[in-house]
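Reading through the structure tokens given below for one structure.
The values are calculated or read from the model by the stated rules, or taken from the named source; none is laboratory data. Just so we're clear, the structure is a prediction, and the values are computed from it rather than from any experiment. Don't worry about glycine lacking a Cβ; one is built from the backbone with ideal geometry, like all the others, and counts go over all protein chains shown. Protein only, heavy atoms only, side chains kept; ligands, DNA and RNA dropped before computing areas. Shrake-Rupley method; radii C 1.70, N 1.55, O 1.52, S 1.80 Å.
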Amino acid sequence: MSYYACSRMEFQQQSSRQWNSQIMNESWYHYVKHQQVHETSTVNEAVCYEIDLDTHSLQGDITQKGFEKKRARLLQPYMASGAVTKAVSGPQNPSPATAAQRKASRRATREDNRYQSEIRTEAVMQALALHGPRVPVMPLPSKRVSAYSPNRREQRRGTDSSSDDDSVFDDDRSRRGSGDQTPSSSSSSQHLRPQGVRIEPRRGSAYAILNIPGSKGGLADVMRESTPGQNFQQPPDITSNTSTLTRADRVQQRYNAQSHAHVSSVRVSHSGAVTGMSDESKSHGKVSAKIQQLLNTLKRPKRKPLKEYFVDDEDELQVPPSDPNAPKPEGSTISPAIGEQLIIPSGLPRNLEAAVQRYGSASYKAAAVTTLDQNGRPTSTLTYGKLLSRTQKIAYNLLHKIGSKVDPGVKPGDRVALVYPNHDPSSFICAFYGCLAAGVAPVPIEVPTSKRDAGAQGIGFLLGSLNVNVALTSEACFRGLPKTQSGDVMQFRGWPKLHWFVTEHLSRPPKDWLPPPRLSDEAPAYIEYTHGGKDGSVMGVTVTRNNMLCHCRTLTVACNYTEGEVMVCVLDFKKDVGLWHGILTSVFNGMHVIFVPYSLMKVDPASWMKMVTRFKATIAVVKSRDMHWGLLAQKDHKDVNLSSLRMLLVADGANPWSLTSCDSFLNVFQNKGLRPEAICPCASSSETLTVSVRRPGRTSASATGRGVLSMQGLSYGVVRVDSENSLTSLTLQDCGQVMPGATMVVVRIDGPPYLCKTDEVGELCVSAAYSGSGYWGLQGITSTYFKVQPLTVDGRPVRENHMFVKTGLLGFLGPGGLIFVCGSREGLMTVTGRRHNTDDIIATVLAVEPMKFIYRGRIAVFSMTVLKDERIVVIAEQRPDCSEEESFQWMSRVLQAVDSIHQAGVYCLALVPPNYLPRTPLGGIHIHETKKRFLEGSLHPANVLMCPHTCVTNLPKPREHHTGDVGASAMYVGNIVQGARLAWAQGRDIGYLDDDSDSAKKYQFLAEILRWRAEATPNHQLFTVMNAKGQPHLTTTCMQLHKKAEKIGCLLVERGKLNTGDHVALVFSPGVDLIAAFYGCLYVGMVPVTVRPPHPQNLATTLPTVRMIVEVSKAVAVLSTANVIKLLKSKEAAAVTDIKAWPTLLDTDDLPKKKLANLYRAPTSEMICYLDFSVSTTGMLAGIKMSHAATTALCRSIKLQCELYPSRDVSLSLDPYSGLGFVLWCLSSVYSGHHSILIPPSEVEINPAIWLTVVSQCKVRDTFCSYGVMELCCKGLGTSTAMLKTKGVNLSCVRTLVVVAEERPRIQLTSQFTKIFSSLGLAPRAVSTSFGCRVNVAMCLQGASSPDTTTVYCDLKALRNDRVSLVEKGSPHSLCLMESGKLLPGVKVAIANPETKGQCADSHLGEIWVNTPHNASGYYTIYGDESLHADHFDARLVTGDTQTTYARTGFLGFVRRTELTQSDGERHDAVFIVGALDETVMLRGMRYHPIDIESTVLRSHRKICECAVFTWTNLLVVVVELDGNENEALDLVPLVTNAVLEDHYLIVGVVVVVDPGVVPINSRGEKQRMHLRDGFLADQLDPIYVAYNM
């Protein structure tokens, strides 16, 4: 609720006056009546003198020394001499420079007084004192220095820095600061870019770096996340840190080398020896120190007691039940407050058109409207005669000069827009009454200035729904509207096409012309726009002619308006109180209105008082803002005389801010003739128009009143008395009585509209003939707000056939029909069952000292719903000279103050640059537009502090693991009892070959197969390498490949002096040379190891990786080309590694001419054929051994699955160094004899269309690619499909397009690819994925005759708890999973519980175990430890199929039997991959897959191009890549935090915003999250911003 405590001065004033107390009903409420007294005490006189002196001192009219002397002289009669002497002693007269500086400081901060509440400040200071010294309670964020350079966009609003809640004086310092802001970053938390020359290479695969003893750099810590009860062990692990990448496109860097290296590290599995490992508890620089500080802060989270058992349901996220000790209303049910009878005075016009006619004829020289210029001088006066004449001109031209006679542009009953500036009331009033005379409903709106005006799109939507086609404006305003190059008015965003009609210099109507017949009383008179609801939707309130007339009559009676009175109006005349009093009721009574424009008030805040004095005005319509500004202009007070005022109407009297302004204004100007009974606060609403107003001139005891209430009670919606000197008390003043002829009730805010009790706060509802009739075109919302039937306790209507209208104001009824308002529905925030109002939070924020860091009055507070509860968001404009540390010190104190005063946490506290918050037309903060920009991520704050740990208290309880309760046998028996099918699947039979047969021997070794093909089909093309132009770069036949392999074999034996069984590292670029070198090794019985060559521009990162693989594989020679060997021996390489430590380097560009005498034939097919090394997503470099038997069995399975024959063409565009990519590139063509068209991914980077163009030209039926290539095509060709079609690219020939991967299928990417290229003939069923892992490089692969790919939708909440729950498409929290291809022939999989090793049932989540002839033989480790072999490669199930030996893949998944039929007639069993076990993170007792969290993060903001997540010490860290300007970085922090909370019930601990390309990716397009984690902890990411959530 919004409750502002009155200042200490108010209490002192009130203590000297006569207070009258009355106990209402059941003594629920202490009510204080304020009576005017004519006597004051001597103490109060002294206080008044002191206050007057303080005010003069603020203006700098006297020096400090003079002030002290004058103060001592005036206080001498009332104070002891000792006190006076003490007061006089003080600083000496300052120097001129010091005096000027103090004056500038006072000038910059004098607007602060309006919001000053000593009671609130004292309460806040007392609360903050309990928290100890002023030190930040959170780690400061890390911000890149360049992120907030002076060319930021906040300069766009530098010309107008004031608001209706700010100082009226120009703040030169703040205006200059908006363009000269210098960012600052904490020296203790800054991420610095490495020294030296920054290389700009493109991104390559992730390289591992071997930590050699004596090398530079520390070791990153090891994250030891152990799954409870899980005995699955990881393969041996040697990892590196990836590099920080430059700002470039992610995909175009994927296959090249990375920039700056991170700190190297050695990561080993549980079984391997751990060397050089740093303990996790040790510090890792600034980042880990900050996270440790954050952890220490979070040790005291304010959480509610968690429930005993985990509930996997959203119902647990409901707002927790209310406090049983909370105060509850105890009074009786209220009775409706009925206003006095509306007695219409005789002599009033019958309607407004008649009023214009009467006064324009009888009093045509009488002034109607006077307008002031920028100097405060009356420049133009519109008489009633001119008003009548111009009204008739506008009405005639509006009906006859727009459109044609056949199709007139405007007809009676239409709606037209009125677009007039705030300084031209004369033109507006003429246009308004011209529309009424023409029978047209005017729609007053603000003048649009640009396409990006705050709320302009909502106004345009309203105009469209009203079918507005014509806009009336003045000539000067029309000239100022933004124009196109052709001179037409710009088409504003969301606006309908308008015909702009200038209402000046119009022709006179013919003498015989008569206005059209008057419309019915129920016809719309005008439409007043308003912002409805918390979303700020623009809606139009329809006011009928009867409503308008009745409202004018009611105001005339309530305010005692008479003809000829003079009114001074400072308000906006286009809506609300300014329209009702200054435009409508004034003309209805023939009054003279002097409008003071807002632009003049900024220059001369006392101008409205001068006009009252000059014209002897009897009425002034102002806001508390104008009264406060008038107090500041003290130099003009001597000429002010307010004795003529009988009514000072305070339009925002319902706002608690007005209390201090009214009392202060009365205190100062009472000696200027202002009478206390003249101050008349009123309450208003767009729906009900005037709600209440204090009657002028009444001096009785019941005319006014105040109540001292408890703020805590009000937050629970009840009214409780409090003592006057309480720090948490709230003093409210009344807003007058119920209007004549109206009835008011108070109904409950939530649920059915039951009447409130006498001590209960509810929403005010009014039943009156003058209320609005509804929202235009919104019948449903109209019924909710305009047709309310209040109910008694027993459910009966209060008054039959009487509908009430909700005002949107929260308050209660006092005695004597007085209305008290303590908040609004729009600003209401219900946080954890307690009600708070935005103004209440603002009051507390403003009470936090020092306030030199932010601007007062430039604060936006709103709530957002996260996890079914509202969260408080505070946005403020910070001053340009505020440092990073100072701002966060102030923010920490704000958090403490709000928590102490309101017992509510601030979810997000953000600071924006000066003049950056969107403004209303009158300069106020546009709350709805601010909230909209915040939620959509376009606010661009300068500092953000998120506090989800302390605010989010309704998370489900963490899952509790109960180990040992249910064993594998019990689960097995349970599945049998339930009739569940055990989860296993099998590919078709691979066929049986006798080992002694000729065919078996022929296909037993790849080397013999190649020699056989060279002899049988020597000229058959096996490989063709394509370049970026789509032309064959190199073709190789069977014979050519065989001969080159023989020469390489001779090179190894003769020059290398190598022996059979030696390991040889093959360091080649993708091409035929790599293939020939591989078979050259097999020809002489050596074991090849394929290694990616180092990048010449980034040796610091890539060369140590090559060296590490060479050493780990125990390679005795390196086989490569001359260019690569030269690079390995270069000076640049010597700076990275010891070039003398390389094994023998053999150049394949210089081959011997001899032939091999004979080919080596292994004694057994179980011997090692090659070694395969690959870096996993967890940063592990794992090598596997592939035997000759497994290699040929794999090639045979692929041949059978894809139906590969020598006549087939297959195109490949993938990485050829490990896994299935290597098998397809080097082995499959030799085994099957088909023609492979090789397209290196680096060529696709140069020309993304090359792959698809080659597929089309060669009419390839089967093609294989990687996710990286597919992403390149989507990004590079997404808008070029039409051009490809004109070039003849046709993909209808494609039968299977398989993405080679070792992860869960990326459905979003494959679907996007299919959708983009479907116009080129690509069939959706052709696109599929494969799956392989370290223990089996190819398990699943979509074949030519396989059933269509199956997709299912799983419940994410169930997956977190290791369960599979299938749901329908579109279900909340659903995850779409696609089948990872079909099982290869000879492959058998089973789903096992990774902890108990028991076989799972169908559609149950477990670890995938595989049995196949082409399983790897084991891991190849540097330590030679074979203890993992039995567990990983020879595992057996304890239940189910206990006889078969399986290899454990380390991936979670499930098998589901489908209705599809396989080629063998059996029902198809689909295998679904969920994710790798070693990738999962255990948080809150649940298992999360990083890809699921990352998918949520990617959807949270359009500028996030990539992201990765990892954990450290139980904190979730999210790294996002920003594809935009650096000043947009902080927009991502709250959106990422909100999205992860909503979708996964996780609180993000750290959000790191980096440049594009920083997240490392390996050759398969998989993220290297652990490398990223090590780089972050080592302060090597050079982030744009690092936010530590509290």
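With under 23 Å from SER661 (Cα atoms) and hydroxyl-bearing (Ser, Thr, Tyr) as the only criterion, which of THR784, THR699 stands out? Don't jump to the end; show me each part of the working.
Details: THR784 fails: under 23 Å from SER661 (Cα atoms).
Exactly one of THR784, THR699 is under 23 Å from SER661 (Cα atoms) and hydroxyl-bearing (Ser, Thr, Tyr), namely THR699.
Please find, among ASP663, ASP604, ASP576, ASP639, the residue that is of a type in the set (Asp, Glu), under 20 Å from PRO444 (Cβ atoms) and surrounded by fewer than 24 Cβ atoms within 10 Å (Cβ to Cβ).
Of ASP663, ASP604, ASP576, ASP639, the one residue that is of a type in the set (Asp, Glu), under 20 Å from PRO444 (Cβ atoms) and surrounded by fewer than 24 Cβ atoms within 10 Å (Cβ to Cβ) is ASP576.
Hydrophobic (A, V, I, L, M, F, W, C), outside any strand (DSSP E or B) and crowded, with 19+ Cβ neighbours inside 10 Å - does that describe any residue in segment 791-798?
The answer is yes, given that some residue of segment 791-798 is hydrophobic (A, V, I, L, M, F, W, C), outside any strand (DSSP E or B) and crowded, with 19+ Cβ neighbours inside 10 Å.
Could you check, for segment 591-605, whether at least one of its residues is hydroxyl-bearing (Ser, Thr, Tyr) and either in contact with a strand residue (DSSP E or B) (Cβ under 8 Å, 6 or more places away or on another chain) or assigned to a loop (DSSP other than H, G, I, E, B) (or both)?
For segment 591-605, residues hydroxyl-bearing (Ser, Thr, Tyr) and either in contact with a strand residue (DSSP E or B) (Cβ under 8 Å, 6 or more places away or on another chain) or assigned to a loop (DSSP other than H, G, I, E, B) (or both): absent.
Kindly provide the set of residues from segment 748-764 that are buried (at least 24 other Cβ atoms within 10 Å of the Cβ), over 16 Å from CYS682 (Cα atoms) and hydrophobic (A, V, I, L, M, F, W, C), ordered by number.
Selection gives CYS756, VAL761.
Looking at SER1218, is it at pLDDT below 95, polar (S, T, N, Q) and buried (at least 24 other Cβ atoms within 10 Å of the Cβ)?
Details: at pLDDT below 95: yes; polar (S, T, N, Q): yes; buried (at least 24 other Cβ atoms within 10 Å of the Cβ): yes.
Yes.
Can you name the residue in segment 607-624 that is over 21 Å from ASN375 (Cα atoms) and open to solvent by less than 10 Å² (accessible area, probe 1.4 Å) and, of all such residues, is farthest from the chain's Cα centre (by Cα)?
Step by step, filter segment 607-624, then rank; the result is ILE619.
For every residue, the table says whether it meets (1) more than 27 Å from ILE338 (Cα to Cα); (2) at pLDDT 85 or above; (3) part of a helix (DSSP H, G or I); (4) not hydroxyl-bearing (Ser, Thr, Tyr).
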site	(1), (2), (3), (4)
ALA617	yes, yes, no, yes
ASN667	yes, yes, yes, yes
LEU674	yes, yes, no, yes
SER684	no, yes, no, no
VAL691	no, yes, no, yes
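Quick one: how many residues across segment 465-509 are open to solvent by 90 Å² or more (accessible area, probe 1.4 Å), without any contact (Cβ under 8 Å) to a residue 40 or more places away in the chain and either closer than 25 Å to THR391 by Cα or of a type outside the set (S, T, N, Q) (or both)?
Residues flagged as open to solvent by 90 Å² or more (accessible area, probe 1.4 Å), without any contact (Cβ under 8 Å) to a residue 40 or more places away in the chain and either closer than 25 Å to THR391 by Cα or of a type outside the set (S, T, N, Q) (or both) within segment 465-509 amount to 4.
Being free of Cβ contacts under 8 Å to residues at least 40 places away in the same chain and at negative phi narrows it down to one residue among LEU922, LEU895, LEU909, LEU917; which is it?
Answer to the selection: LEU909.
Can you run down the residue pairs with Cβ atoms below 6 Å, 6 or more apart or on separate chains, where the first is in segment 1329-1353 and without any contact (Cβ under 8 Å) to a residue 40 or more places away in the chain and the partner is of a type in the set (Val, Ile, Thr) and surrounded by fewer than 20 Cβ atoms within 10 Å (Cβ to Cβ)?
Close Cβ pairs (under 6 Å, with a partner that is of a type in the set (Val, Ile, Thr) and surrounded by fewer than 20 Cβ atoms within 10 Å (Cβ to Cβ)) amount to TYR1353/VAL1367.
Tell me, which residue of segment 765-784 that is free of Cβ contacts under 8 Å to residues at least 24 places away in the same chain and open to solvent by 50 Å² or more (accessible area, probe 1.4 Å) is nearest to PRO327 (Cα to Cα)?
THR784
Would you confirm whether any residue within segment 686-701 is closer than 17 Å to LYS806 by Cα, in contact with a Ser or Thr (Cβ under 9 Å, 6 or more places away or on another chain), open to solvent by 10 Å² or more (accessible area, probe 1.4 Å) and small (Gly, Ala, Ser)?
For segment 686-701, residues closer than 17 Å to LYS806 by Cα, in contact with a Ser or Thr (Cβ under 9 Å, 6 or more places away or on another chain), open to solvent by 10 Å² or more (accessible area, probe 1.4 Å) and small (Gly, Ala, Ser): present.
Here are some residues: THR556, THR618, THR613, THR542. Which one is hydroxyl-bearing (Ser, Thr, Tyr), without any contact (Cβ under 8 Å) to a residue 40 or more places away in the chain and more than 26 Å from PRO656 (Cβ to Cβ)? First the steps, then the outcome.
Numbers: THR556 fails: without any contact (Cβ under 8 Å) to a residue 40 or more places away in the chain; THR618 fails: without any contact (Cβ under 8 Å) to a residue 40 or more places away in the chain; THR542 fails: without any contact (Cβ under 8 Å) to a residue 40 or more places away in the chain.
Only one candidate qualifies: THR613.
Starting from segment 1110-1126, take each residue that is more than 14 Å from THR1090 (Cα to Cα) and list its partners that are acidic (Asp, Glu), counting only C-beta distances under 7 angstrom and pairs at least six apart or across chains.
Going by the 7 Å Cβ cut-off, the qualifying pairs are ALA1122/ASP1147; ALA1122/ASP1149; ILE1125/ASP1147.
Each row is one residue, and each column tells you yes or no for (1) surrounded by 24 or more Cβ atoms within 10 Å (Cβ to Cβ); (2) under 23 Å from TYR907 (Cβ atoms); (3) under 20 Å from the mean Cα position of the chain (by Cα).
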residue: THR1480; (1), (2), (3): no, no, no
residue: ASP1492; (1), (2), (3): no, no, yes
residue: CYS1505; (1), (2), (3): no, no, yes
residue: VAL1509; (1), (2), (3): yes, yes, yes
residue: TRP1512; (1), (2), (3): no, no, no
residue: GLU1526; (1), (2), (3): no, no, yes
residue: THR1537; (1), (2), (3): yes, yes, yes
residue: LEU1541; (1), (2), (3): no, yes, yes
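So ILE901 ticks every box in (1) open to solvent by 10 Å² or more (accessible area, probe 1.4 Å); (2) at pLDDT below 80 but one. Which box is left unticked?
Here ILE901 clears every test but (2).
So in segment 828-837, with the set limited to residues that are in contact with a Leu (Cβ under 9 Å, 6 or more places away or on another chain) and either open to solvent by less than 20 Å² (accessible area, probe 1.4 Å) or in a loop (DSSP other than H, G, I, E, B) (or both), which one is nearest to GLU763 (Cα to Cα)?
Per the stated criteria, the residue is LEU828.
Which condition does ASP1531 not pass, out of (1) touching a Ser or Thr at 6+ places or on another chain (Cβ under 7 Å); (2) part of a strand (DSSP E or B); (3) open to solvent by less than 10 Å² (accessible area, probe 1.4 Å), if it passes all the others?
If we test ASP1531 against (1) touching a Ser or Thr at 6+ places or on another chain (Cβ under 7 Å); (2) part of a strand (DSSP E or B); (3) open to solvent by less than 10 Å² (accessible area, probe 1.4 Å), just (2) comes out false.
Show me the strands (runs of 3 or more DSSP E) found entirely inside segment 1139-1197 where at least 2 residues are crowded, with 20+ Cβ neighbours inside 10 Å.
It comes to 1168-1175, 1181-1187.
Among the residues of segment 1559-1580, write down those that are at pLDDT below 90 and in a loop (DSSP other than H, G, I, E, B).
If the condition is that a residue be at pLDDT below 90 and in a loop (DSSP other than H, G, I, E, B), then PRO1560, ASN1562, SER1563, ARG1564, GLY1565, GLU1566, GLN1568, ALA1578, ASP1579, GLN1580 are the ones that fit.
Right, CYS735: open to solvent by less than 10 Å² (accessible area, probe 1.4 Å) and in a loop (DSSP other than H, G, I, E, B) or not?
Here the answer is yes, as CYS735 does meet what is asked.
What strands (runs of 3 or more DSSP E), lying completely within segment 454-535, carry at least 1 residues that are of a type in the set (Val, Ile, Thr), in contact with a His (Cβ under 8 Å, 6 or more places away or on another chain) and at pLDDT 90 or above?
In segment 454-535, 470-473 are the strands (runs of 3 or more DSSP E) which contain 1 or more residues that are of a type in the set (Val, Ile, Thr), in contact with a His (Cβ under 8 Å, 6 or more places away or on another chain) and at pLDDT 90 or above.
Any residue at all in segment 916-925 that's out of contact with any Pro (no Cβ under 7 Å at 6 or more places or on another chain), at pLDDT 80 or above and open to solvent by 40 Å² or more (accessible area, probe 1.4 Å)?
Within segment 916-925 (the criterion being out of contact with any Pro (no Cβ under 7 Å at 6 or more places or on another chain), at pLDDT 80 or above and open to solvent by 40 Å² or more (accessible area, probe 1.4 Å)), the answer is yes, since at least one residue qualifies.
Just give me the residues in segment 860-898 being closer than 22 Å to TRP657 by Cβ and surrounded by fewer than 23 Cβ atoms within 10 Å (Cβ to Cβ), in sequence order.
SER863
How many residues, within segment 1021-1069, are among the hydroxyl-bearing types (Ser, Thr, Tyr) and in a strand (DSSP E or B)?
Within segment 1021-1069, the first condition is being among the hydroxyl-bearing types (Ser, Thr, Tyr), and the residues that meet it are 1024, 1035-1037, 1060, 1069.
Pick out the ones that are also in a strand (DSSP E or B) and you get 1024, 1035-1037.
Number satisfying all stated conditions: 4.
Which residue is farthest from HIS802 (Cα to Cα), if the candidates are limited to segment 335-352 and must be open to solvent by 90 Å² or more (accessible area, probe 1.4 Å) and assigned to a loop (DSSP other than H, G, I, E, B)? Steps first, answer last, please.
Just the residues of segment 335-352 that are open to solvent by 90 Å² or more (accessible area, probe 1.4 Å), to begin with: 338, 341, 343, 346, 350.
Now restrict to residues that are assigned to a loop (DSSP other than H, G, I, E, B): 341, 343, 346, 350.
Values: GLN341: 17, ILE343: 20, SER346: 28, ARG350: 26 Å.
Filtering segment 335-352 for residues that are open to solvent by 90 Å² or more (accessible area, probe 1.4 Å) and assigned to a loop (DSSP other than H, G, I, E, B), the one farthest from HIS802 (Cα to Cα) comes out as SER346.
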